[in-house]
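The values are calculated or read from the model by the stated rules, or taken from the named source; none is laboratory data. Here the structure is a predicted model, which means the values were calculated and not measured. Here the Cβ is made from the backbone with ideal geometry for all residues, glycine too, and neighbour counts use every protein chain on show. Heads up: the accessible areas ignore ligands, DNA and RNA and are worked out on the full protein's heavy atoms, side chains in. Shrake-Rupley method; radii C 1.70, N 1.55, O 1.52, S 1.80 Å.
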Amino acid sequence: MEPFLLQRSAGGVPPLSPSMTGAGAGQSFLSISVTDPVKLGSGVQAYISYRVSTKTNMQEYRGPEKIVIRRFSDFVWLHERLAERNKGIVIPPLPEKSAVEKFRFSAEFIEVRRRALDVFMNRIATHPQLHMSEDLKNFLQADEEAMERARSAEGSVFKKKPSDFMQMFKDVQMKVSDAVLGKDKPVEETDPEYEKLKHYVVDLEDHLAEAQRQSMKLVKRQRELGQVLSDFGKSVKLLGNCEGGSLGKAFADLGGCADQLSFKLQNKGLDLLLIFEEPLKEYVRTVQAIKVVMADRAQAYRQHRELTESSKLKELNLEKLKLLRPDKAGEVEAEVTEIKAQSDEAKLRYEEIVRLMEKEMVQFQEAKTRDLGLVLHDFACAQAQLASDTADAWRTLLPYLDNPHLGESTVTESG
Amino acid sequence: MMGSEEDDGRLYTSTDMMESLTLDSEPHPFLSNNSDYRNAMSGGGSFFSSSLQDSHPLAAKPVDTHRLGFQDSVRSSGSLREDLVEPPSYADAIFARDLSHTTTSVFSQTDSFSDVLTITVTNPQKIPESGASLAAGVTSSYVTYLINTHTNISSYQGTDFSVRRRFRDVVTLADRLAESFRGFFIPPRPDKNVVESQVMHKHEFIENRRAALEKYLGRLAAHPVLRRSDELRLFLKAEGKLPLLPTTDMASRMLDGAVNLPRQLFGEGSVILAPQEAVQPAKGGRDLVRLFKELKQSVTNDWGGTRPAIIEEDKEFLEKKEKLQDLEHHLSDASQQAEALVKAQQEVGEVMGELGLAFIKLAKYETEAGYTPVHAAEAKCVATAAVKASRFYRECNAQSVRHLDELHEYLGLMHALHTAFTDRSNALLTVQTFLSDVAANNMRIEKLEAASNKVFGGSKTQNRKISELKEAVKVTEEARDLAQKEYDCIKEHNRAELERFDEERRRDFTNMLRGFAHTQVGYAEKISNVWAKVAEDARGYAGRSTDATSSGLSSMPN
């Protein structure tokens with residue numbers, strides 16, 4: 001099972017089919033892997049850097065292979081850029097940002113994060129739209145200094161263009177007028193299918209989160225069992241020393257067995273975490289990413305509706321104005337044209353999101369079926385193996401213990 | 001091995017028990033009788049025999065000469081007959097064991113015995129306390145339990161009986177056994193639990209106590225010597241009020257002691273305790289002066305002021321004792337770890353079940369929402385397996401607890417060992433005390449005799465004093481001899497019990513290990529099978545072919 005897992009997560013992604021990329025000629029190939037975590041810096045400044053290796057045949061890239069060093073905040077930058085510029089697309093989620101200080105550099109945490117980043121890159125690389133992103137290209141190719149400049153130049157994630165501010169102002173205006181007009185409720189889509197989908201997503205998150213919580217607990221408790229078995233084994237061995245004789249040996253054997261099992265259990269702990277708990281966690285995060293898209297869609301819808309409303313309003317006013325004050329009409333006419341354009345833009349934006357989202361949901365469900373199917377299968381295999389190993393270990397004791405003369409006192413038993 | 005009454009293991013009877021058969025109102029036989037103790041004991045008009053015949057169940061039994069004890073040695077006109085002084089034949093009490101018997105036997109009452117003594121405790125009932133002065137609104141009551149016995153031991157004279165007893169009676173039984181069977185490893189009784197009466201009557205508490213009582217009585221029944229004790233038999237069979245006096249009645253004993261005290265302190269007359277009483281450990285209230293003496297003696301021993309005539313020179317015993325301390329320490333550790341192990345396994349089982357439920361809910365939800373029925377079916381499969389596995393974990397655990405509990409049981413038994421060893425050192429201390437007493441008195445006699453020789457004929461008082469002292473010495477010497485016998489007896493009990501303890505412990509621990517290993521193997525196999533089946537079935541769902549290498553392609557998300 002091990003080699004299989006490595007295959008899945010090492011980032012080797014098979015060629016995309018032409019229909020997926022939308023590129024007519026040939027097949028685009030983009031393969032990314034995240035490896036070799038290294039601790040850099042010292043003290044409070046310390047951080048982990050990762051090696052990001054790219055193999056591609058895409059023309060836009062500066063060559064078939066490239067290796068760069070990136071840190072976690074670089075990945076965060078990439079995620080935010082993609083989110084900004086690809087509304088309607090479910091951006092693959094990043095692993096958690098923060099961690100308890102002392103845990104931040106534990107081998108396990110680093111490995112878990114590395115894997116998650118690897119999965120992240122691969123989901124992007126295999127996405128029909130995202131893999132063509134300019135930001136992705138920069139991320140994969142820029143040298144470290146350029147990357148750092150881009151990262152800090154970004155400044156606030158919420159950096160807005162001037163037109164955005166204008167829009168925000170207008171949005172506020174809309175809300176006020178809505179209130180004045182008595183339209184307090186936020187404008188929402190009324191598509192029953194979409195309603196159903198929204199509820200589905202919210203509930204799905206809950207169910208997945210519950211499954212993930214329990215799986216995390218299971219991993220934790222199986223590990224704790226491993227620890228306890230070790231202590232048990234030690235104390236049993238000591239007791240055996242006390243007893244001496246054949247009984248003493250029986251105790252010692254039992255203790256040894258418990259020790260062995262303990263070792264196995266604690267080792268398997270990390271594996272179980274990676275094949276079972278982490279994928280579930282990732283799916284929870286993905287569902288949360290879907291919710292972000294849903295929020296974007298709602299906002300786009302609101303904007304579209306509000307602009308439509310205000311555009312209509314303005315047109316009516318214009319008609320009135322043409323009759324009353326023809327001299328002002330020209331000015332206002334320009335405004336109306338402007339706002340109409342914005343309204344159309346908003347409509348297009350909204351409709352694009354709807355279109356994209358539909359495709360995304362189909363992809364999501366397909367991927368989920370496959371991935372969760374694999375996860376469940378791996379889990380069953382792992383548990384079967386664990387139980388089988390456990391049985392084998394205890395079984396070695398039986399021949400000695402089953403001897404009916406075991407425990408008979410021998411003369412001059414020093415125990 | 002089924003003996004007649006003559007052959008059975010009841011070879012040790014304490015006179016203390018005998019005296020407790022008297023009714024409360026009777027004056028203490030020894031205190032009231034200042035004269036030669038032999039008069040009190042010997043002869044057909046013996047105080048004991050008459051009281052026995054008339055008023056107690058034991059009266060039904062003939063007072064046999066085979067019953068060893070101090071009264072017998074006394075009856076034989078004061079001189080100590082060799083054959084009766086031998087330690088009771090402990091070996092007779094332990095019948096040959098069937099070593100291939102595989103069940104754990106701390107509780108098995110019939111294990112290795114061809115005679116049966118089975119005890120169950122049932123039917124707790126609340127009995128309101130009558131006649132107590134109570135604050136308004138507070139009802140006082142206590143709980144009685146039905147003790148059911150089934151036996152074919154002939155000394156019980158009957159096969160099935162049931163009596164009602166309360167917890168206080170059990171405490172009495174335990175105390176009396178502790179007194180009568182010094183040197184034996186007496187199973188510890190259930191705790192008293194000093195709590196408010198509210199809690200006392202909670203159903204769970206009562207059920208726990210009932211179970212604990214049953215366990216305790218079962219252990220008594222499994223002990224080769226205790227099972228044949230009169231105390232136990234009375235407890236199990238005597239109808240109505242338990243005919244055993246509680247001996248921790250401090251108040252009356254303080255009174256008894258206080259009566260003695262002035263006379264002892266001022267040396268008026270010689271207070272001659274019956275040797276039987278003398279060889280019992282000096283208990284508070286009973287004999288304050290003796291308590292002080294023994295205290296002085298033990299201090300003396302510690303400081304090596306006087307060379308004690310008897311030292312614990314049984315090196316083998318001391319070595320054994322040290323080994324046992326070691327054992328106890330490790331047993332305690334192992335018991336704790338075993339508890340932790342069971343708890344950890346329990347938690348794994350629990351979360352496995354929760355996980356199964358979570359997946360079932362997920363699958364159900366997805367199916368109802370109309371999405372991806374395929375992986376939902378897989379989730380259900382895995383979930384069902386998880387729930388099954390969870391059940392197996394729980395069962396495995398329940399059985400493991402039963403096995404590993406043996407560690408805990410023996411840990412509890414260590415306390416009994418301590419008590420038995422304390423009995424031994426107490427007895428030794430008693431002997432040493434008498435020895436010093438004798439020595440001291442002899443010195444005084446010497447001094448007095450030397451002094452009186454200077455004065456012709458000596459004074460009347462001096463002579464009287466000398467003869468009194470001589471009398472006292474004689475009595476003390478006899479007491480010393482009896483104490484020595486008692487000590488030797490206890491030593492032998494210790495030794496024999498240790499042997500039994502070792503044997504039983506080895507057997508029980510072997511069974512424990514065997515049982516535990518089998519349980520772990522069995523359930524691990526079951527759990528493995530459950531998962532293996534799912535893994536096999538799920539392979540189809542996962543879209544995996546049996547060839548692992550090609551599965552990489554099928555993982556393509558798009």
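Annotations for the structure displayed:
- Meets criteria (open to solvent by 60 Å² or more (accessible area, probe 1.4 Å), part of a helix (DSSP H, G or I) and touching a helix residue (DSSP H, G or I) at 6+ places or on another chain (Cβ under 9 Å)) for B:Arg464: no
- Residue list for region B:172-187, restricted to those being among the aliphatic types (A, V, I, L, M) and at pLDDT 90 or above: B:Leu173, B:Ala174, B:Leu177, B:Ile186
- Within the option set A:Ile69, A:Ile110, being surrounded by fewer than 19 Cβ atoms within 10 Å (Cβ to Cβ) and in a helix (DSSP H, G or I) holds for one residue only, A:Ile110.
- Boolean, B:Gly349 is under 46 Å from the mean Cα position of the chain (by Cα) and facing chain A (nearest Cβ under 10 Å): yes
- Subset of region A:61-91 (residues that are within 22 Å of A:Arg113 (Cβ to Cβ) and hydroxyl-bearing (Ser, Thr, Tyr)): A:Ser73
- B:Ser390 vs. criteria more than 11 Å from chain A (Cβ to nearest Cβ) and more than 22 Å from A:Thr369 (Cα to Cα): no
- Scope region A:79-107; condition more than 14 Å from the chain's Cα centre (by Cα), part of a helix (DSSP H, G or I) and of a type in the set (Gly, Ala, Ser); matching residues: A:Ala107
- When the residues of region B:191-233 are filtered to those that are β-branched (Val, Ile, Thr) and not in a helix (DSSP H, G or I), the one that is modelled with the highest pLDDT is B:Val225.
- Out of A:Gln260, A:Gln266, sole residue that is at pLDDT 90 or above and open to solvent by 70 Å² or more (accessible area, probe 1.4 Å): A:Gln260
- Test: residue in region B:514-524 that is within 14 Å of chain A (Cβ to nearest Cβ), within 30 Å of B:Glu316 (Cα to Cα), in a helix (DSSP H, G or I) and in contact with a His (Cβ under 9 Å, 6 or more places away or on another chain): no
- Of A:Asp392, A:Asp344, A:Asp371, all but one fail to be out of contact with any Ser or Thr (no Cβ under 7 Å at 6 or more places or on another chain), farther than 30 Å from B:Gln520 by Cα, part of a helix (DSSP H, G or I) and within 12 Å of chain B (Cβ to nearest Cβ); the exception is A:Asp371.
- None of A:Leu94, A:Leu130 is farther than 18 Å from A:Leu40 by Cα, open to solvent by 10 Å² or more (accessible area, probe 1.4 Å) and out of contact with any strand residue (DSSP E or B) (no Cβ under 8 Å at 6 or more places or on another chain) except A:Leu94.
- Residue that is free of Cβ contacts under 8 Å to residues at least 24 places away in the same chain and within 12 Å of another protein chain (Cβ to nearest Cβ), where the choices are A:Glu333, A:Glu319, A:Glu366, A:Glu277: A:Glu366
- Total residues in region A:374-388 satisfying the condition of being among the charged types (D, E, K, R) and either facing another protein chain (nearest Cβ under 7 Å) or under 30 Å from B:Asp508 (Cβ atoms) (or both): the figure is 0.
- Test result for B:Val438, of a type in the set (Val, Ile, Thr), assigned to a helix (DSSP H, G or I) and within 30 Å of B:Gly349 (Cα to Cα): no
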